[in-house]
Amino acid sequence: MITGNGAKIYGSHLYINRGLILRVCSYIALFVALCSAAGAEESIFEPTAIIDDYVVVTKAQQSRMQGASMEVDIEAELPKLHKSGRLHALRRISALGRITYELLRFEGDRSIKNDVIARYLTAESEALKSEPAALAVTPANYKFKYKGLIVADGRKVHAFHVTPRKKKVGLYVGELWLDSRTHLPVREAGRLVKNPSIFLRKVEFVKDYQMQGGVSVPSRITTTVETRIVGKASLSVAFTSVELTEDPQPTFSGDSE
């Protein structure tokens, strides 16, 4: 007698069709191969290795930013007061990392220039006076949680959730996106964990980067601030015409996909 699964029964003995056995074994082998391939794919995106490489390549490109120059357009607005302004300037970074601005043009309310934009520039200068390593997005200052490989603006990026190890001015909780090939930063976004002033309720920001000559350079910073006195304030900084210093050394060593 032949059963429905291809087995034959002769008396009290059961004989299994060899073709059936081969098919079953083939399915099992295929399943194991697929699982192994999936495991290999996962191993490519080892989060710790990605962060370690990110730290190395970010430090390696710092010399290219020293001596760099760029144009900036800073737009600020206080919606509650119906005031806004825009400043166009030339931004230079010295060989020692000091940042200076050459004002080229301003349009809008003077109070925006003096009370919002000028304070932003002052805060940037003050931040440079502190030890850069203390504010860097590195394992020494942050905990990293891998969120996955995503596509942003047609580019594959590794997304991480970052949480500061200490509640300190200048540190944030939010997202860090790294280019999947170079492991250089593509975006930093989140909320400051400690407000720099008692007059501020909350500070949120998005900082986008673009690749230029193998270097990750800032392209735009958008900041939204909830103040205790004048309500919401917004500030946007766009970077264009970036000129980097020449460096024959490679600036990254990421994996390829």
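The values are calculated or read from the model by the stated rules, or taken from the named source; none is laboratory data. What you see is a predicted model; the values in this text were computed from it and never measured. We place every Cβ from the backbone using ideal geometry, glycine too, and count neighbours over all the protein chains shown.
Tabulated data for the structure shown
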| quantity | calculated |
| --- | --- |
| The stretch 66-88: number of residues that are touching a helix residue (DSSP H, G or I) at 6+ places or on another chain (Cβ under 9 Å) and not charged (D, E, K, R) | 7 |
| Among the residues listed as Val186, Val206, Val157, Val169, the single one being closer than 30 Å to Ile229 by Cβ and surrounded by 16 or more Cβ atoms within 10 Å (Cβ to Cβ) | Val206 |
| Flag if Glu102 is out of contact with any Lys or Arg (no Cβ under 9 Å at 6 or more places or on another chain) and without any contact (Cβ under 8 Å) to a residue 24 or more places away in the chain | no |
| Members of the stretch 92-146 found to be assigned to a helix (DSSP H, G or I) and of a type in the set (Gly, Ala, Ser), listed by number | Ser111, Ala118, Ala123, Ser125, Ala127, Ala133, Ala134 |
| The stretch 175-225, subset part of a strand (DSSP E or B) and basic (Lys, Arg), residue nearest to the chain's Cα centre (by Cα) | Arg187 |
| Number of the exception - Tyr146 against (1) over 19 Å from Ser63 (Cα atoms); (2) aromatic (Phe, Trp, Tyr); (3) modelled with pLDDT under 95 | (3) |
| Qualifying residue in the stretch 115-136 (condition: modelled with pLDDT of 95 or more, in the same structural domain as Phe199 (by TED's automatic domain parsing) and not hydrophobic (A, V, I, L, M, F, W, C)) | no |
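Here is a yes/no grid of residues against (1) at pLDDT below 95; (2) at positive phi:
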{"position": "Val157", "(1), (2)": "no, no"}
{"position": "His161", "(1), (2)": "no, no"}
{"position": "Val169", "(1), (2)": "yes, no"}
{"position": "Leu176", "(1), (2)": "no, no"}
{"position": "His183", "(1), (2)": "no, yes"}
{"position": "Ala189", "(1), (2)": "no, no"}
{"position": "Ser197", "(1), (2)": "yes, no"}
{"position": "Glu204", "(1), (2)": "no, no"}
